[in-house]
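Accompanying notes for the structure given below.
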């Protein structure tokens, strides 16, 4: 089946409104979808919650920003009941952190001669949760850089000149919010963290000890050898496999929503719990 458990709407740093993202996924033949916006559930509030949407089943999802041993990592949460309140309370804290970071980035850019960047990013975010991609798009729009990639390289990446240090939720804290609301915690795009194999194993050991149960083995355009390495880590740590496109925008050079994962027979699929008769 075609599925996608990692997508973003305009409620965070995606381009499409939640309803348009659903329509795009349906058009692409996706049968199982999760909208995993950064530190917000606003997309689900906007479209009336998860469940059946035509021929597509929507699974509750989120991507939480967390901190582990001084490094920023992302934790995906799925299948939770947000009415329990743990995630909602945690998200409120995350929003305060995001707002403070955005203001600090705007101040740093102003000192570099780029005035109004905070206001521009805020306008692009609209009712969504403000993030660095909004700054990047603003910088492109005003001609400060030629591309989003250049915006991150020159100004917005963790070690760039306008970077603002942020104390995100600790890894175990983010996992606890998901678990308390009855969900499954999955480590997002592990191939993107630039970890050595030893450090990645240490991260996964702490992730599992804190209650994490899944690992994203397919995500966007990852390195060709990443899938085999990550499925091996699923075996080693007893983790379920997850998969998604990390879709943000309908542009030809970005990943489109939907993929058809082909897991080794001995790797359990996270999505099996939501697909009758899978496997």
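Bear in mind these aren't lab numbers, they're just calculated from the coordinates by the rules spelled out. Quantities reported herein were computed from a predicted structural model and do not represent experimental measurements. For neighbour counting, all protein chains shown are included, and Cβ atoms are generated from backbone atoms with ideal geometry for every residue, glycine included.
The distance linking the stretch 223-255 with the stretch 91-150 is 28 Å (Cα centroid to Cα centroid, whole angstrom). The ratio of the alpha-carbon radius of gyration of the stretch 73-197 to the globular-protein estimate 2.2 N^0.38 Å is 1.19. With contacts taken as Cα pairs under 8 Å at a separation of at least 6 residues, the stretch 96-156 carries a relative contact order of 27 percent. Assuming R0 = 22 Å, can you tell me the calculated FRET efficiency for the pair residue 71 and residue 209, based on Cβ-Cβ distance, to the nearest 0.05? For R0 = 22 Å, the calculated efficiency reads 0.85. Seen against the Cα atoms of the chain and their longest principal axis, helix 171-180 is set at about 60 degrees. The packing ranking, built from the mean of other Cβ atoms within 10 Å per residue, places the peptides 69-78, 181-190 in the order 181-190, 69-78, highest first. Classify the stretch 96-156 from the C-alpha gyration tensor, please: rounded if a/c falls under 1.5, else prolate or oblate depending on whether a/b exceeds b/c. Note, shape of the stretch 96-156 comes out prolate. Between residue 251 and residue 159, what FRET efficiency follows from the Cβ-Cβ distance if R0 is 35 Å, with the result rounded to 0.05? It comes to 0.85. Relative to the 2.2 N^0.38 Å rule of thumb, the chain has a C-alpha radius of gyration ratio of 0.97.
Over the residues of the chain, the helix contribution to mean residue ellipticity at 222 nm works out to -11000 deg cm²/dmol, using -39500 (n - 2.57) for each DSSP H run of at least 4.
Peptides 169-178, 20-29 ordered by packing proxy, namely the average of other Cβ atoms within 10 Å per residue, highest first: 169-178, 20-29. Each peptide in 43-51, 238-246, 139-147 gets a packing score, the mean of other Cβ atoms within 10 Å over its residues, and the list from highest to lowest is 238-246, 43-51, 139-147.
Counted over the chain, the DSSP beta bridges are approximately 45% antiparallel.
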